[in-house]
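Right, one structure below, let's go through it.
The values are calculated or read from the model by the stated rules, or taken from the named source; none is laboratory data. Computed from a prediction, not measured in an experiment: that's the story for all the values here. All Cβ positions, even for glycine, are placed from backbone atoms using ideal geometry, and neighbour counts span all protein chains on display.
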Amino acid sequence: DAGVTQSPTHLIKTRGQQVTLRCSPKSGHDTVSWYQQALGQGPQFIFQYYEEEERQRGNFPDRFSGHQFPNYSSELNVNALLLGDSALYLCASSLRNTEAFFGQGTRLTVV
Amino acid sequence: AQSVTQPDIHITVSEGASLELRCNYSYGATPYLFWYVQSPGQGLQLLLKYFSGDTLVQGIKGFEAEFKRSQSSFNLRKPSVHWSDAAEYFCAVGVNTGFQKLVFGTGTRLLVSP
């Protein structure tokens, strides 16, 4: 079992650009959540996808959007990048309300 | 609003000594509680969870945690710390509105001295 896999592992973007991060959930899981972890902070919930629909959303602007595909994999898109978007982006998968398993994260640096 | 407080930013423990990391939560309903560990530059690994039942839960790597409803606490313990336990530890509460999201504390960095 490969667990939760995220790509890429590291990414450098310029302010104003757009970025797409990808996540493949653990085998058998149908729910994907995304979290942002700024340096020295705990992860903050961005949003959650189930059956290809956004089910709940945290306090993040509309620049943050996502998608879930029929195979349960997911993408996180961030438009008009700001310096403050620099963070570790974590994907977590679960089977509905069971415990979440996290990927290794994507380190995004905005310059 | 739901919240988690981890009052200790850093803790230093000697190898072989016991460990207790504190966690207090604020949540109106019966909480689902978790402890995760994060090594530098890595994702989060689940150490243990509390959903219901026995208030003392056992996890991986020799960790345990005790849920105390009266104190709104879920402290993590280990009887003998190993150098490999040095990492960041996060306590989280699962907020369930049909779908569960996690609300994390700010973490406690554990340093292990020889």
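Here are the criteria: (1) within 11 Å of another protein chain (Cβ to nearest Cβ); (2) crowded, with 22+ Cβ neighbours inside 10 Å; (3) over 22 Å from A:K26 (Cβ atoms). Tell me which single one B:T108 does not satisfy.
Exception for B:T108: condition (2).
Looking only at segment B:74-104, which residues are among the polar types (S, T, N, Q), over 17 Å from B:S18 (Cβ atoms) and exposed (fewer than 12 other Cβ atoms within 10 Å of the Cβ)?
Answer for segment B:74-104, where residues must be among the polar types (S, T, N, Q), over 17 Å from B:S18 (Cβ atoms) and exposed (fewer than 12 other Cβ atoms within 10 Å of the Cβ): just B:T97.
What is the residue count in segment A:86-108 for residues that are in contact with a Leu (Cβ under 7 Å, 6 or more places away or on another chain) and either exposed (fewer than 15 other Cβ atoms within 10 Å of the Cβ) or away from chain B (no Cβ under 14 Å) (or both)?
1
With the requirement that a residue be touching a residue at least 12 places away in the same chain (Cβ under 8 Å) and part of a strand (DSSP E or B), what does segment B:46-72 give you?
Correct list: B:L46, B:L47, B:L48, B:K49, B:Y50, B:E64, B:A65, B:F67, B:K68.
Can you find, within segment B:1-36, the residue that is nearest to A:A100 (Cα to Cα) among those that are touching a residue at least 60 places away in the same chain (Cβ under 8 Å), of a type in the set (A, V, I, L, M) and part of a loop (DSSP other than H, G, I, E, B)?
Checked segment B:1-36; the qualifying residue nearest to A:A100 (Cα to Cα) is B:A29.
Starting from residues that are hydroxyl-bearing (S, T, Y) and buried (at least 20 other Cβ atoms within 10 Å of the Cβ), keep the ones in segment A:34-62 and report whichever is nearest to the chain's Cα centre (by Cα).
Among those residues, the one meeting the criterion is A:Y35.
Tell me which residues, restricted to segment A:6-19, are surrounded by 15 or more Cβ atoms within 10 Å (Cβ to Cβ) and either under 11 Å from the mean Cα position of the chain (by Cα) or not β-branched (V, I, T) (or both).
Result: A:Q6, A:L11, A:K13.
Select from segment A:1-23 the residues that are hydroxyl-bearing (S, T, Y) and either touching a Gly at 6+ places or on another chain (Cβ under 7 Å) or closer than 24 Å to B:V93 by Cα (or both) and list them in ascending order.
Scanning segment A:1-23 gives a single hit, A:T5.
Quick check: is even one residue across segment A:15-35 modelled with pLDDT under 95 and aromatic (F, W, Y)?
No; the residues of segment A:15-35 include none that is modelled with pLDDT under 95 and aromatic (F, W, Y).
Can you name the residue in segment A:41-50 that is farther than 17 Å from A:P25 by Cβ and in contact with a Ser or Thr (Cβ under 8 Å, 6 or more places away or on another chain) and, of all such residues, is farthest from the other protein chains (Cβ to nearest Cβ)?
Here the answer is A:Q41.
Can B:Q71 be described as buried (at least 17 other Cβ atoms within 10 Å of the Cβ) and polar (S, T, N, Q)?
No; evaluated as a whole, the condition is false for this residue.
Working only within segment A:74-85, note down all residues that are surrounded by fewer than 17 Cβ atoms within 10 Å (Cβ to Cβ) and either without any contact (Cβ under 8 Å) to a residue 60 or more places away in the chain or within 14 Å of chain B (Cβ to nearest Cβ) (or both).
A:N77, A:G84
Take the conditions within 14 Å of chain A (Cβ to nearest Cβ), surrounded by fewer than 16 Cβ atoms within 10 Å (Cβ to Cβ) and in contact (Cβ under 8 Å) with a residue 40 or more places away in the chain and apply them to B:S39. Does it pass?
Criteria met by B:S39.
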